[in-house]
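K.L.:
I am attaching a structure below and will ask some questions about it afterwards.
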Amino acid sequence: MNCQHCVHLLHENKRLVAVIKRLKARSLQSTPIGPLSLGFTQQQEVIIEALWAAQGSGVTSALLSFALGGESSKASVRVQINRIRAKLGPDTIKNRYGSGYFLTSEGLGILSEIMGESK
């Protein structure tokens, strides 16, 4: 598995694991991760932050499960993604086979407004 696509995904996954670890450390300090006041649960916040950090690249269910504490299953990640879609809109998060979940340009636009920043 030394194809360029596989090497790229491995690099992206390592980068995202580092981002997720920082997010988990920040949440342990009781600092709000994002817009909890908009009705997102803490699990949804973690998923949103991981997708936001990926900036349109795929985030696998396994990485999202790890971000949620490693005890979450792929099914519970899928449930949380569907709940986020219900709040942000159905076309904000897509799933690409082999790459995982990613924010669409619409999702990136909505989140940049919610978070009050641009990336």
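The values are calculated or read from the model by the stated rules, or taken from the named source; none is laboratory data. Note that this is a predicted model, so its numbers are computed, not measured. Counting neighbours? That spans all protein chains shown, and the Cβs are built from the backbone with ideal geometry, glycine included. What goes into the accessible areas is simple: the full protein's heavy atoms, side chains included, and nothing from ligands, DNA or RNA. Shrake-Rupley method; radii C 1.70, N 1.55, O 1.52, S 1.80 Å.
K.L.:
Just to be sure I understand, how many residues within the stretch 70-92 are open to solvent by 20 Å² or more (accessible area, probe 1.4 Å) and touching an Asp or Glu at 6+ places or on another chain (Cβ under 9 Å)?
P.N.:
Number of matching residues: 3.
K.L.:
Okay, next question. Just to be sure before I move on: is A67 of a type in the set (A, V, I, L, M, F, W, C) and surrounded by 14 or more Cβ atoms within 10 Å (Cβ to Cβ) in the structure I sent?
P.N.:
Spelling it out, A67 is indeed of a type in the set (A, V, I, L, M, F, W, C) and surrounded by 14 or more Cβ atoms within 10 Å (Cβ to Cβ).
K.L.:
Counting only residues that are farther than 13 Å from R83 by Cα, open to solvent by 20 Å² or more (accessible area, probe 1.4 Å) and out of contact with any helix residue (DSSP H, G or I) (no Cβ under 6 Å at 6 or more places or on another chain), how many does the stretch 42-62 have?
P.N.:
4
K.L.:
Also, quick follow-up: For the stretch 93-116, how many residues meet the condition of being surrounded by 15 or more Cβ atoms within 10 Å (Cβ to Cβ) and at positive phi?
P.N.:
Going through the stretch 93-116 one residue at a time, the tally reaches 1.
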